[in-house]
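First comes the structure, then the notes that go with it.
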Amino acid sequence: MEEVELVIIGAGPTGLFATFCAGLRAVKSVTLEGLETYGGQMHELYPEKKVYDVQGVPKVISYELAKKMYEQAAMFNPKIVFNSDVTDIIPTEGNRFILEVNGEQAYTARAILICAGVGYFTPNKLNVEGEATYADKGVYYTVKSIADFKDASVLIVGGGDSAFDYALQIEPVVKNVIIAQHNGVLKAAESSVVAAKNKPKIRVMLNTEIKEIVGDGKKVIKADAFDNVSKTNDRLDVDSVIVTIGHKANPDIFKSITFESVNGRYIKVDTNYKTNVDGIYAAGDIANVSNEPKFALLAVGGAEAYVAINNIKKYLSPRASLTGGHSSNLEL
Ligand SMILES: Cc1cc2nc3c(=O)[nH]c(=O)nc-3n(C[C@H](O)[C@H](O)[C@H](O)COP(=O)(O)OP(=O)(O)OC[C@H]3O[C@@H](n4cnc5c(N)ncnc54)[C@H](O)[C@@H]3O)c2cc1C
């Protein structure tokens, strides 16, 4: 078994920045990612979207930013290993942990930083007839490539940021888009809702439940909708359905350890990003310090990673300074 000071779980944006920060603080780390590449949600859920709210980067395509993050993470030549699903963390003697990877004990570490985000992106399903039959044949849970929706009539189910973001993203190439939302409450950013309402190709249908996805055996041709206010049914002629009704998250991912959680949704951490287990820290979308809603954002995950790594440094080397120096003092 390989011995390291720190294992970082996840090579999403938070894990990548944590990897860089570990290098800055000369902590010997290995970063383990279950998927075959880096970027987490940026790569899996919105690779072609533009991101505007990262400090100092006015506008950037998501996968380009993920590439830059990886480049930064690699600056101190850390070990970043893909296809490495951390399946368990087993506490062992001498305040160490054994990391089980793909079912086999692979590393021992003195500290662990969990940056597992929303896990393996298990999207919530509508659970209606036709959904499973036409999965990837007209039913999707994300927009991997805008070109896939060229000239299509698209139904987007959901009323949150993802629904409106995807609608605005594909609008230039599609024939039309319907956003169907079930309870009349739009959770998306006001600016996106206004932008969508100003696009003639986008129609928002409130209080609309999708009851069935209908196809011709090969592809989607319609969706059955029910207006739960007027109590009327409608058949929507669509050839693609994008379901954006959230993801399943499970902070209880390691069987040998029980983390305190926030609402069963996040791993609870203190303001140093330490969990209830000494030596184990968590940051990014998987972690929350309180019952308040989480700001699940790239910049927030990065800041949390920074604080976590510096506290980990202090945990590993109690005589080290907590804050470290400024990177601008370095010549790299
Ligand atoms: C459609 C959409 C648009 C968004 N737009 C923006 C935006 O414009 N600006 C912004 O700031 N934020 C945006 N976000 C949010 C942002 O992407 C997240 O806050 C960010 O990805 C969180 O990073 P993370 O590293 O904490 O988690 P994730 O990105 O979820 O990465 C976690 C990584 O850990 C891996 N992993 C999980 N479990 C294990 C395990 N057991 N073993 C090994 N690896 C594991 C996963 O495979 C994944 O790669 C958007 C999100 C979505 C869905």
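The single condition from (1) open to solvent by 80 Å² or more (accessible area, probe 1.4 Å); (2) under 21 Å from the mean Cα position of the chain (by Cα) that Asn95 fails is (2).
Checking each residue in the range 29-66 for being open to solvent by 40 Å² or more (accessible area, probe 1.4 Å), near the ligand (Cβ under 7 Å from one of its atoms) and either at positive phi or of a type in the set (A, V, I, L, M) (or both) picks out only Leu35. Of the listed requirements (1) open to solvent by 20 Å² or more (accessible area, probe 1.4 Å); (2) at pLDDT 95 or above; (3) more than 13 Å from the ligand (Cβ to nearest atom), Asn291 misses just one: (2).
Just a yes or no: is a residue in the range 269-281 part of a strand (DSSP E or B), outside the structural domain of Thr208 (by TED's automatic domain parsing) and either within 30 Å of Glu212 (Cα to Cα) or within 12 Å of the ligand (Cβ to nearest atom) (or both)? No, every residue in the range 269-281 fails to be part of a strand (DSSP E or B), outside the structural domain of Thr208 (by TED's automatic domain parsing) and either within 30 Å of Glu212 (Cα to Cα) or within 12 Å of the ligand (Cβ to nearest atom) (or both).
Selection over the range 144-189 of residues that are open to solvent by 70 Å² or more (accessible area, probe 1.4 Å), within 16 Å of the ligand (Cβ to nearest atom) and either farther than 23 Å from Glu44 by Cα or of a type in the set (Asp, Glu) (or both) gives a count of 2. Taken as a whole, the structure leaves Asn329 outside the set of residues that are buried (at least 21 other Cβ atoms within 10 Å of the Cβ) and out of contact with any strand residue (DSSP E or B) (no Cβ under 9 Å at 6 or more places or on another chain).
All conditions but one from (1) out of contact with any Phe, Trp or Tyr (no Cβ under 7 Å at 6 or more places or on another chain); (2) modelled with pLDDT of 95 or more apply to Lys255; the one that does not is (2).
Restricting attention to the range 75-90, the residues being open to solvent by 40 Å² or more (accessible area, probe 1.4 Å), more than 13 Å from the ligand (Cβ to nearest atom) and closer than 19 Å to Cys115 by Cβ number 3. Of everything in the range 244-284 that is in contact (Cβ under 8 Å) with a residue 40 or more places away in the chain and over 24 Å from Thr19 (Cα atoms), the residue that is surrounded by the most Cβ atoms within 10 Å (Cβ to Cβ) is Thr244. In the range 102-132, which residue that is more than 17 Å from Ile286 (Cα to Cα) and of a type in the set (Ser, Thr, Tyr) is surrounded by the fewest Cβ atoms within 10 Å (Cβ to Cβ)? In this case the residue turns out to be Thr108. Among the residues in the range 314-327, are any under 25 Å from Ala189 (Cβ atoms), among the polar types (S, T, N, Q), without any contact (Cβ under 8 Å) to a residue 40 or more places away in the chain and in a loop (DSSP other than H, G, I, E, B)? Checked the range 314-327: no residue is under 25 Å from Ala189 (Cβ atoms), among the polar types (S, T, N, Q), without any contact (Cβ under 8 Å) to a residue 40 or more places away in the chain and in a loop (DSSP other than H, G, I, E, B). Checking the range 118-130 against the condition returns a match, with at least one residue being on the phi > 0 side of the Ramachandran plot and away from the ligand (no atom under 13 Å from the Cβ).
The values are calculated or read from the model by the stated rules, or taken from the named source; none is laboratory data. On a predicted model such as this, the values are computed, not experimentally measured, just so you know. Reconstructed Cβ throughout: ideal geometry from the backbone, glycine too, with neighbour counts over all protein chains shown. Side chains are part of the model used for accessible areas, which takes the heavy atoms of the whole protein and leaves out ligands, DNA and RNA. Shrake-Rupley method; radii C 1.70, N 1.55, O 1.52, S 1.80 Å.
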